[in-house]
Amino acid sequence: MLGAGFDRAYADLESAPKRKAPYTKDGGPLVEDTNFIRAHMEANLGRSFVDGLDDAQRAASWALERMAEGTLPASCSYSAG
């Protein structure tokens, strides 16, 4: 979304400090948690995920992000079980 290159890989949860995904290794220390990853990417690339969005779109984006973050992991684990 920010035009950055990346390699897709399976999460190695045994080596992640909190044993949780998502996390990123970007030439420095391991960055965990969606919000920290986002801030890290935006700071390093000088662009934001919400660039070009108006206030209403930013609010909707934030709301959707919070809802997905709160319910998606539980839904996925329920479906897998």
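The values are calculated or read from the model by the stated rules, or taken from the named source; none is laboratory data. Just so we're clear, the structure is a prediction, and the values are computed from it rather than from any experiment. Note that we place each Cβ from the backbone using ideal geometry, even for glycine, and neighbour counts take in every protein chain shown. All accessible areas refer to the heavy atoms of the entire protein, side chains included, with ligands and DNA or RNA removed. Shrake-Rupley method; radii C 1.70, N 1.55, O 1.52, S 1.80 Å.
In region 23-40, the residues that are farther than 17 Å from ALA9 by Cα reach residues that are open to solvent by 60 Å² or more (accessible area, probe 1.4 Å) with C-beta atoms within less than 9 angstrom, at least six apart or across chains, in these pairs: ASN35/GLU69; ARG38/PHE49; HIS40/ASP26.
For region 12-21, enumerate the residues that are in contact (Cβ under 8 Å) with a residue 12 or more places away in the chain and loosely packed, with under 12 Cβ neighbours inside 10 Å. First the steps, then the outcome.
Initial filter on region 12-21 (in contact (Cβ under 8 Å) with a residue 12 or more places away in the chain): 16-18, 20.
Passing the criteria: PRO17, LYS18.
Among the criteria (1) part of a loop (DSSP other than H, G, I, E, B); (2) modelled with pLDDT under 80, the one SER79 does not fulfil is (1). Taking (1) exposed (fewer than 10 other Cβ atoms within 10 Å of the Cβ); (2) in a loop (DSSP other than H, G, I, E, B); (3) modelled with pLDDT of 80 or more in turn, GLY27 satisfies each apart from (3).
Scanning region 36-47 for residues that are farther than 19 Å from GLU69 by Cα and either in contact with a helix residue (DSSP H, G or I) (Cβ under 7 Å, 6 or more places away or on another chain) or of a type in the set (Lys, Arg) (or both) gives a single hit, ARG47.
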